[in-house]
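Report on one structure; see the data block that follows.
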Amino acid sequence: MKTFTFLLACYCLSIFAPLIAFANDECYSATTLFPGSSCNYSSGTTSGASNSGGSPCGGTANDVWYKFTATATSHIVKVQGSANFDAVLEVLEGSTCASATSIGCIDNGGLGSLEAASITNATVGQKYYIRVYDYYGTSGSF
């Protein structure tokens, strides 16, 4: 069983948006992220995103998707909400979208808050999916 905590780690992964709207609206078209020893920051949006089904972390999930392959046993994922965006972050583990299972959700702050999750005991070479949405279901930037 994988653990999902709020610990700091040496590796971090930052969420960024695709250049084309809706490119990562569903899990199967998730934007690929590349873990590294330093973070790269960029903006993202859920403007025009659809609900992939349910809201496992609470709220209303008009979501966008990201994925990465673990290169270490610990990775950090961060999402900074904007003034009108209450970021919710879900992490799933699995080789495909169909087989991915949720290993945790983060929604500790409110509008404009930074949400950060550490994936500890990650399996090197395993694929992880990141689902991002606004708790209130509004379109917004992060």
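Readers should treat all values here as calculations from the given coordinates under stated rules, not as data from a laboratory. The structure presented is a predicted model; accordingly, all values stated were derived computationally and were not measured.
In this structure the amide hydrogen of residue 80, modeled in the peptide plane, comes within under 5 Å of the amide hydrogens of 115, none closer than 5 places in sequence on its chain.
With 5 Å bins from zero, work out the P(r) of segment 94-141 over every alpha carbon pair and list the percent per bin. With a bin width of 5 Å, the distribution comes to 4, 15, 25, 21, 16, 13, 6, 0. Here the 3J(HN,Hα) profile of segment 100-108, calculated from phi with Karplus coefficients 6.51, -1.76 and 1.60 at θ = phi - 60°, is 6, 10, 5, 10, x, 10, 10, 7, 8 Hz, Gly and Pro shown as x.
Using θ = phi - 60° in the Karplus curve 6.51 cos²θ - 1.76 cosθ + 1.60, the 3J(HN,Hα) couplings for segment 122-138 round to 5, 9, 4, x, 7, 8, 10, 10, 10, 10, 10, 7, 8, 4, 8, x, 7 Hz; x is entered for Gly and Pro.
Considering just Cα atoms, how many Å³ per residue does the convex hull of segment 54-142 enclose?
Values: hull volume 7.1 nm³, N = 89.
Taking only Cα atoms, segment 54-142 has a hull volume of 80 Å³ per residue.
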